[in-house]
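Some notes on the structure that comes next.
The values are calculated or read from the model by the stated rules, or taken from the named source; none is laboratory data. Because the structure is predicted, anything quoted here is derived from the model rather than measured. Cβ placement follows ideal geometry from the backbone for every residue including glycine, while neighbour counts extend to all protein chains displayed. In case anyone asks, the SASA skips ligands and DNA or RNA and just uses the protein heavy atoms, side chains included. Shrake-Rupley method; radii C 1.70, N 1.55, O 1.52, S 1.80 Å.
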Amino acid sequence: MRTLIRALLSAAAAVGLLVPSAGDAAKVRVVATTTDLKALTEAVGGDFVDVDALARGNQNPHDLEVRPSLMVKMRRADLLVMNGLELDQWAEVVVQGANNPRVIPGAPGRVDASQGVPVLEVPSTRVDRSMGDVHPLGNPHYTLDPGTAPAVTGNILTGLVRVAPERRAAFERNRQAFLARVDEGMTRWTAMLAPVKGTRVIADHNLWPYFLARFGLVQASTIEERPGIPPSPGHLTRLMALMKEERIKAVLAAPWSDQKLAERVAQETGARVVLMAAAVGAVKGAESYLDMVDHNVKAVAEALR
């Protein structure tokens, strides 16, 4: 009998380890499609949220493989924070597979973080697949500009309050404290890039319009002839001629892009490849949102010196 009791107590203890504590149960379970949105949600939610990202920071967010593990994360979510502008449309497949009514389109637990963001590069003509990975709603890489943080965190705040209204005051305090840190950083970042304002750069993929516009830099061209499509030899010849003529010094490259091609273009034109943090966690030292921006500003400033 004593042996049976010990076994039952051991089993009960094991089950107890699997049951969330009162503190964990009180947290809002959030799924964000990207690591940028995960970091921004954590900045607003603080200790009252538990956030998972579906994409890793070093992954191309345009085309993510949908796996059962992502559906498991989504099934538990109280809130889903999406980038929108068709960057993360693959998440809809995850939502369907998760069968979680809290995060379906139109549900209270659904946040489109792009609401209110001034969208760049909205096509004025009809878009089709022959044009490459062109987004009909505009360029979706707005989180790379820290100037969009007020709008994005405002959308996240609204979503969190919908599912946890009792935490409104804490969420608002967290957001204001974070935005104060962004403002401090903006002063520093703007000063660092002020000496090279107006400088033209090359990008491997059209990721950087928001970042460049924020700090007064100009994208002269891209290694890709069309978004998401490898360049033709003719395009590369014209690109390298342009770079030599204008003495362009920097090629901005994402970790998931064709690094060998970027290096080749840079070597043949006397430019330098600048490895950018295309998302939070994309490169070492960019583990937070502010660190990501800090990395990108410092890397560009050094390359253009």
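Some notes on this structure:
- Carbon/sulfur fraction of accessible area - the chain, other protein chains in place, 1.4 Å, %: 54
- Phi angles of segment 189-197 translate, via the Karplus equation with coefficients 6.51, -1.76, 1.60 and θ = phi - 60°, into HN-Hα couplings of 5, 5, 5, 5, 9, 4, x, 10, 4 Hz per residue; Gly and Pro are given as x.
- Shape class for segment 82-220, computed from the alpha carbon gyration tensor (a ≥ b ≥ c): oblate, with a/c not under 1.5 and a/b at or below b/c.
- Other residues whose C-beta falls under 15 angstrom from the C-beta of Val111 contribute a net charge of -1, scoring Lys and Arg +1 and Asp and Glu -1.
- Note on Lys27: lysines with a C-alpha under 24 Å away, same-chain residues under 8 apart excluded, are Lys38, Lys73.
- Our summary gives segment 181-290 a relative contact order of 22 percent, counting only alpha carbon pairs under 8 angstrom and 6 or more residues apart.
- Our helix-only sum for the chain, with -39,500 (n - 2.57) per DSSP H run of n ≥ 4 divided by its residues, gives a mean residue ellipticity at 222 nm of -14000 deg cm²/dmol.
- Taken over the C-alpha atoms, the chain has Rg and Dmax values of 22.2, 89 angstrom.
- With protein chains left intact and a 1.4 Å probe, residues in segment 122-271 average 49 Å² of accessible area per residue.
- Sorted peptide list for 58-68, 263-273, criterion being average Cβ within 10 angstrom, highest first: 263-273, 58-68
- Ala220/Arg67 FRET efficiency (R0 35 Å; Cβ-Cβ; nearest 0.05): 0.35
- Summarising the label geometry, the points placed 7 Å from Cα in the beta-carbon direction at Leu242 and Glu121 lie 1.3 nm from one another.
- Shape category assigned to segment 153-217 from the gyration tensor of Cα positions, a/c cut at 1.5: oblate
- Segment Glu263-Arg76, extension gain: residue separation times 0.36 nm, minus the distance between their alpha carbons: 63.0 nm
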